[in-house]
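Report on the following structure.
The values are calculated or read from the model by the stated rules, or taken from the named source; none is laboratory data. It should be emphasised that the depicted structure is a prediction, and the values quoted were computed from it without experimental measurement. Virtual Cβ from ideal backbone geometry, glycine too; neighbours counted across all protein chains shown.
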Amino acid sequence: MNDSLLGPIGEEFDGAEFGDERLAARLVVLASALDEAPAASLAGASKTIAAREAAYRFVENHRVTMAAMMAPHLRQTVKRCSEAGTVYVVSDTSEFTFAGAERGKALGRIHGQQRGFLGHVALAVSADGNRRPLGVLGIDVIVRDEEKKPQRHVLQQKRDPKRESLRWGAMVESSEAHLKRVASIHVMDREADIFELLSDMATGSRRFVIRAGQNRWVMGEGKLFDSLAREPVLLDREVQLSARSKTARTTKGRGHPQRTGRTARLVASCRRVTLRRPKTTDKQHPKSLQTNVVHVYEPSPPDGEPAVQWILLTSEAVDTPAQVASVIDAYRARWLIEEYFKALKTGCAYEVRQLRSIRTLTNTLGLLAVIAWRLLLLRALERQSAQTPANTVLPPLLVEALAARLKHIGEPKPLPHDPTVSDVMRGIARLGGHHKSNGPPGWQLLWRGFQDLLTWGSGFIAGRSGPSYDHS
């Protein structure tokens, strides 16, 4: 992994093309300001009246687009993916809602009186066991019409070239075009259980792990879920489950129940099935589709806790316990995108921003999308248990700066001589004011410590690299 994984924010925006060098320079300035205070408004992040006015002019400029803004980050993400080897491409959709009657029809319809848009995101994650977020591979913004569509039967809906479900396949092809020769496995939740998508991915030799959301017909056997009950257990393992509050419903009304964090015993069985094409699917798709299925369930959940049960459709081999475990680990990486949306909405306070137009909101999203990834990366590194050397995520001089900074503030627990990523993240959290008795550090605390390190580190590194003088 390159040594700039936690480098300056400018590295993720440098080289954006707007047809005006002044706009490219303003992007880096504005990104740096928001990087220091992700939850601040554009006005709050700007230090002067002139900078504040320039920030608003930037996000309103017709030459500025989210795609152009994020193009340098996309290039950096692809580079990190190439260095990582095989990666997971985790895709999901979240609703972004914005309060305020004055926005009215400037934004799209969500639910009832809520206004906003859908954001469909593809996040690259390392498949090396660390599940490290590598960057954003794409964001599609879907703004719904104000008027509700008339009632249509299923065939009419599926023939609509503008139907929202096409976003899943479009993001797969877009991600593949960017990654080119990088081996990738697309990971999605139940909303992506679409026969057309599964068929297209199989035809295009795309690798995938998708949670089943529909009890489909299996050729000659009946329903899918029933056919799995007879399979013998191939894998028995313990998995650490994170705590989770009840999640909001998705665009299809699904959500995830609340649970406490715990170590769960999961068992898994698997088999290969032939799914029958639904009657509502166009005949241009094959009559049947062969796919592997992994059934994961918790045989004895604690009292009051919902049992874990995943039925995973996959292109991956499932002949051995190790292969089945690999499929399960791929699906577990999906939770990172939920954390990513939390970083956007909580860490970056995106939904409380008082911007009124789709242009200003999406351009601001282009800025915050990269900062949210950095927040997520810090959180992921802080939770990483593997004893990975610190210089895999921070330049060696910045690690030295952290050691000096901890000594400077009188921290009683210094950085070890050969620190790990875990040691470094604990040190950064302490710079932000974290106390171990308060539980894991939050977004803002981690970010405050990281900004303290960057500020201190710039002077420390300048002093180390500057000319030396003989004072004897």
Criterion first (of a type in the set (Gly, Ala, Ser), within 29 Å of Ala71 (Cα to Cα), without any contact (Cβ under 8 Å) to a residue 40 or more places away in the chain and touching a strand residue (DSSP E or B) at 6+ places or on another chain (Cβ under 9 Å)) does Ala372 satisfy it? no
With the structure loaded, tell me whether Arg190 is at pLDDT 95 or above, within 21 Å of Ala307 (Cα to Cα) and either in contact with a Phe, Trp or Tyr (Cβ under 7 Å, 6 or more places away or on another chain) or surrounded by 12 or more Cβ atoms within 10 Å (Cβ to Cβ) (or both) or whether it fails that test. yes
So Leu406 clears everything in (1) assigned to a helix (DSSP H, G or I); (2) over 14 Å from the mean Cα position of the chain (by Cα); (3) surrounded by 19 or more Cβ atoms within 10 Å (Cβ to Cβ); (4) modelled with pLDDT under 90 except one condition, right? Which one? (4)
Which count do you get for residues in the range 48-101 that are among the hydroxyl-bearing types (Ser, Thr, Tyr) and more than 15 Å from the chain's Cα centre (by Cα)? 6
First in the range 438-450 and surrounded by fewer than 23 Cβ atoms within 10 Å (Cβ to Cβ), second anywhere and among the hydroxyl-bearing types (Ser, Thr, Tyr), Cβ under 7 Å, 6 or more apart: Trp443/Thr346
When you scan the range 6-23, how many residues do you find that are assigned to a helix (DSSP H, G or I) and over 17 Å from Val59 (Cβ atoms)? 4
Considering every residue within the range 379-394, establish whether at least one is within 22 Å of Phe341 (Cα to Cα), in contact (Cβ under 8 Å) with a residue 40 or more places away in the chain and hydrophobic (A, V, I, L, M, F, W, C). yes
Right, Glu83: within 20 Å of Val136 (Cβ to Cβ) and either in a helix (DSSP H, G or I) or modelled with pLDDT under 95 (or both) or not? yes
Going by the structure shown, is Val28 in a loop (DSSP other than H, G, I, E, B) and either over 22 Å from the mean Cα position of the chain (by Cα) or closer than 16 Å to Cys348 by Cβ (or both)? no
Arg359 in contact (Cβ under 8 Å) with a residue 60 or more places away in the chain and either under 24 Å from the mean Cα position of the chain (by Cα) or farther than 30 Å from Ile461 by Cβ (or both): yes
Give all pairs with beta carbons closer than 7 Å in which a residue from the range 287-303 that is assigned to a strand (DSSP E or B) meets a residue that is among the acidic types (Asp, Glu) and modelled with pLDDT of 95 or more; count only pairs at least 6 apart in sequence or on separate chains. Asn292/Glu316
Can you work out which of the residues in the range 120-144 that are charged (D, E, K, R) and not in a strand (DSSP E or B) is modelled with the lowest pLDDT? Arg144
Identify, by number, the condition in (1) part of a strand (DSSP E or B); (2) surrounded by fewer than 14 Cβ atoms within 10 Å (Cβ to Cβ); (3) modelled with pLDDT of 95 or more that Ala322 doesn't meet. (1)
When you check Leu198 against the structure, is it among the hydrophobic types (A, V, I, L, M, F, W, C), at pLDDT below 95 and in a helix (DSSP H, G or I), yes or no? no
May I ask you to list the residues in the range 54-70 that are assigned to a helix (DSSP H, G or I) and either charged (D, E, K, R) or within 24 Å of Glu164 (Cα to Cα) (or both)? Arg57, Glu60, Met66, Ala67, Ala68, Met70
